[in-house]
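Read-outs throughout are calculated quantities, based only on the coordinates presented, and are distinct from any laboratory measurement. Since we're looking at a predicted model, the values are computed, not measured. Because the Cβ atoms are built from the backbone with ideal geometry, glycine has one as well, and the counts that use them run over all protein chains shown.
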Amino acid sequence: MFNRLIDDQPVVILDLEWNQGTYYTNPKLPHEIIEIGACRIDAEGHIESFFSRLLHPKIYRQIDKHIQKVTGITQEELNHGCSFPSAWHEFVQWADGAHLVTWGRDDFPVLKRNTEFYHEKMPFDPPLDAQLLFGYLFYGAESRQFNLHSALAEMSIESEIPAHRAVYDAEATNLLLPLINEKLNDLPEEKFAHLLEVLDKEKRIALAKILTFPTSYINYADAIGDSRVTRINCPVCGSRANFAVPWFDAGKEKYEAIVRCHSHGYLQGNMHFKKGSNGKIVVSQRISQAGESQVKSVKNKYHAFKMIPENKRHHRLEMKLPQGKGKNSTANPSENVNNNT
């Protein structure tokens with residue numbers, strides 16, 4: 001399965017369910033895994049074995065009502081679940097060096113943050129995103145994102161597998177893999193080369209450093225004017241990186257930037273703000289190594305942003321850099337920012 005991408009490595013389809021705080025978010029762990037589900041498949045795509053564990057949450061002890069409604073997981077089940085480290089050790093041993101496959105790009109970053117929170121090792125490479133492959137191979141665009149059961153319907157696959165539990169969604173994903181693999185094997189070399197570029201970009205995103213931290217600000221403009229909020233440190237060496245493209249509003253108040261580390265090259269920054277339960281702004285950043293095409297894309301978007309007359313940008317914001325220098329702003333606000341970078 002997927003020999004054109006991962007040679008003869010065995011495949012494990014992984015799916016996760018996670019909980020979050022209703023009124024409080026721990027910035028070190030915004031999403032806490034409560035279920036690990038997976039199935040191991042052979043070279044012909046047949047399921048060899050299943051893995052399923054419910055976890056007892058440590059941070060968000062009460063299951064969110066919406067998550068309970070969607071998944072059907074009860075509070076009593078979680079109360080009798082095992083710890084994340086225990087389940088993770090079991091999973092690593094069971095998966096035994098397989099290459100992971102997920103439906104969508106969200107599971108692996110959440111898994112990374114949970115392993116980091118519990119100081120556990122991550123022995124797996126970023127997974128193949130079956131959702132991305134499905135959109136790319138069947139509809140010509142990796143951005144065509146179908147939820148799992150919509151994709152099954154698109155392929156006229158009828159399934160009696162229950163929805164929205166991790167192990168069941170992993171099992172349902174496997175119904176699509178033979179079709180995806182067949183389409184992959186028939187892909188012309190030129191298209192395959194482009195797909196490899198897309199997957200390389202996704203791998204860099206999956207390996208990105210994700211930071212979430214609260215501030216004492218109420219207004220977005222104040223937050224983006226503070227260099228302690230907007231600075232970017234290289235996720236590899238930790239050194240301060242210099243801005244090549246400053247933070248700018250790339251649409252819907254999601255900010256992008258390009259910086260350069262002298263040792264590790266260009267990095268792409270993505271940032272967004274949200275209001276915490278106390279009305280103060282919480283910042284989330286994702287910092288990943290950037291290829292040439294990513295740098296060019298962000299520069300083009302920044303150029304388009306600059307072409308908008310300032311009086312027509314509404315509330316879209318830009319971080320001002322010192323004249324002629326690609327370094328962080330030297331603003332010195334009076335507010336104290338709790339930036340745990």
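For segment 145-248, run through the chymotrypsin sites (Phe, Trp or Tyr not before Pro) and keep only the ones in DSSP coil with at most 15 other Cβ atoms within 10 Å of their Cβ.
none
Averaging the inverse of every distinct alpha carbon separation and then flipping it gives the Kirkwood radius. What is it for segment 3-206, in angstrom units? Display every interim value, and only then the final one.
Details: mean 1/r = 0.0565 Å⁻¹.
That comes to 17.7 Å for segment 3-206.
Per DSSP H run of at least 4 residues, take -39500 (n - 2.57); add these up for the chain, divide by its residues and hand me the 222 nm value, nearest 500 deg cm²/dmol.
Computed mean residue ellipticity for the chain: -9500 deg cm²/dmol.
Return the long-range amide H neighbours of H99 (sequence gap of 5 or more, or a different chain), with a cut-off of under 5 Å between placed amide H atoms.
V11, V12
Quote to one decimal, in nm, the extra length available between K58 and F117 on full extension: 0.36 nm per residue of separation minus the C-alpha distance between them.
Value of the extension gain: 20.1 nm.
For segment 1-78, evaluate the Debye formula with one uniform point scatterer on each Cα (no solvent term) and list log10 I(q)/I(0) at q = 0.27, 0.28 Å⁻¹, rounded to two decimals.
Ignoring solvent entirely, the Cα scatterers give -1.22, -1.29.
Run the numbers for E197 and S159: contour at 0.36 nm per residue of separation, minus the present Cα-Cα distance, in nm.
10.3 nm is the gain from fully extending E197 to S159.
Using only alpha-carbon positions, what ratio does the radius of gyration of the chain give when scaled by 2.2 N^0.38 Å?
On the way: Rg = 21.5 Å, N = 341, 2.2 N^0.38 = 20.2 Å.
Compactness ratio reported: 1.07.
In what sequence, highest mean first, do 74-80, 156-162 appear when ranked by Cβ atoms within 10 angstrom?
Most protected by this proxy first, the peptides run 74-80, 156-162.
Taking a temperature of 25 °C and a viscosity of 0.890 mPa s, what whole-number D in µm²/s does Stokes-Einstein yield for segment 209-312 with Rh from Kirkwood over alpha carbon pairs?
Reported coefficient: 172 µm²/s.
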